[in-house]
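The values are calculated or read from the model by the stated rules, or taken from the named source; none is laboratory data. On a predicted model such as this, the values are computed, not experimentally measured, just so you know. When we count neighbours, we look across all protein chains shown, and the Cβ atoms used for this are built from the backbone with ideal geometry, even at glycine. The protein model used for the area step is the full one, side chains on, heavy atoms only, and it has no ligands, DNA or RNA in it. Shrake-Rupley method; radii C 1.70, N 1.55, O 1.52, S 1.80 Å.
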Amino acid sequence: MEPVPTQDGTPTLVHPGYGEAYHPRQGALLQARRLYLEKTRTHLHPAPRVLEVGLGLMVNFRVALESALERGVHLRYLAVEKEPLPPEVLRQISLPLPRAEAVFGELLAVWPAEVFRGPWGELRVLFGRVEALSLPKAWATAVYLDPFSPRVNPEAWEEGVLCRLRLALRRGGRLATYSAQGAFRRALKAAGFRVHRVPGVGKREWTVGIAVEAPPG
Ligand SMILES: C[S@@+](CC[C@H](N)C(=O)[O-])C[C@H]1O[C@@H](n2cnc3c(N)ncnc32)[C@H](O)[C@@H]1O
């Protein structure tokens, strides 16, 4: 896999099996900041706890980490990943985030690791499929839902998974995703989220779900 530049100058990869890029062509870093970090308000939270579906190239993780390091807050990040990439591939994906890149370099020396800690906080990785793993209850302040599209990763967007993500979120927590698909949004509502359409960058709309209602069942 060879890195491909996106329009903000940061690199992505294309998954050889799905033929889909890990990030939009408008910008890997741009999406991580504007959608996942900011639409979930992770950048404002005094003690963010992020649950991510699809750790991928760790762009979202590094953006959340840079924000936490700049603000001097402790980050707890729990990611689910079914196809972890080897360190030699990840090493090619460097980002203009000086503080986070220093931590990323240490992480690559031990990757793949289930737990990685530092004075900045903790990254835990559940290696497996989100639909088959158990998730913590009322733990997360934010959910980053970032699998490949519902066309190629349908299992990750199903109502059963969304209900478990709702249970993993604290009340008032936010889920963000790039998908604006109708069936997905209906499933998100059925899972107990208040669903908002938000203007996207390079895409007409993104989706934010706020954990207001208790999940059904
Ligand atoms: C779009 S990429 C994620 C990019 C990543 N968030 C980043 O910041 O670089 C999608 C990732 O989701 C993972 N994935 C897809 N379906 C999954 C599932 N059912 N369970 C766990 N991980 C999944 C893929 O292996 C891939 O690494």
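Around the amide H of Trp139, modelled in the peptide plane, lie the amide H atoms of Leu169, Arg170, all under 5 Å away and 5 or more residues distant in sequence or on another chain. In percent, rounded to a whole number, the relative contact order of the chain is 18, using alpha-carbon pairs under 8 Å and six or more apart. Distance from the C-alpha centroid of segment 149-217 to that of segment 72-143: 22 Å, rounded to the whole angstrom. Ranked by the mean number of other Cβ atoms within 10 Å per residue, highest first, peptides 73-81, 153-161, 113-121 order as 73-81, 153-161, 113-121. Specify the residue with the greatest mean-square fluctuation among Glu122, Glu88, Glu52, computed from a Gaussian network of the chain linking alpha-carbon atoms under 10 Å apart. Between Glu122, Glu88, Glu52, it is Glu88 that shows the largest mean-square fluctuation. By accessible area, using a 1.4 Å probe on protein heavy atoms only, the chain has 53% of its surface on carbon and sulfur. Packing around the peptides 31-40, 170-179, taken as the average count of other Cβ atoms within 10 Å per residue, puts them in this order, highest first: 31-40, 170-179. Rounded to whole numbers, the Karplus 3J(HN,Hα) couplings from phi for segment 37-49 are 5, 7, 6, 9, 6, 4, 6, 10, 6, x, 8, x, 10 Hz, using 6.51 cos²θ - 1.76 cosθ + 1.60 with θ = phi - 60°, and x at Gly and Pro. Normalised per residue, the accessible area of the chain is 45 Å², obtained with a 1.4 Å probe and no contribution from ligands, DNA or RNA. Per-residue Karplus couplings for segment 181-192, computed as 6.51 cos²θ - 1.76 cosθ + 1.60 with θ equal to phi - 60°, are listed in order as 5, x, 4, 5, 5, 5, 5, 5, 5, 5, 7, x Hz, Gly and Pro entered as x.
Tell me the net charge near Leu85. Cut-off is 15 Å between Cβ atoms, Leu85 excluded, with +1 for each Lys or Arg and -1 for each Asp or Glu. Display every interim value, and only then the final one.
Numbers: positive: Arg62, Lys82, Arg91; negative: Glu2, Glu20, Glu52, Glu81, Glu83, Glu88, Asp146.
Surrounding charge for Leu85 is -4.
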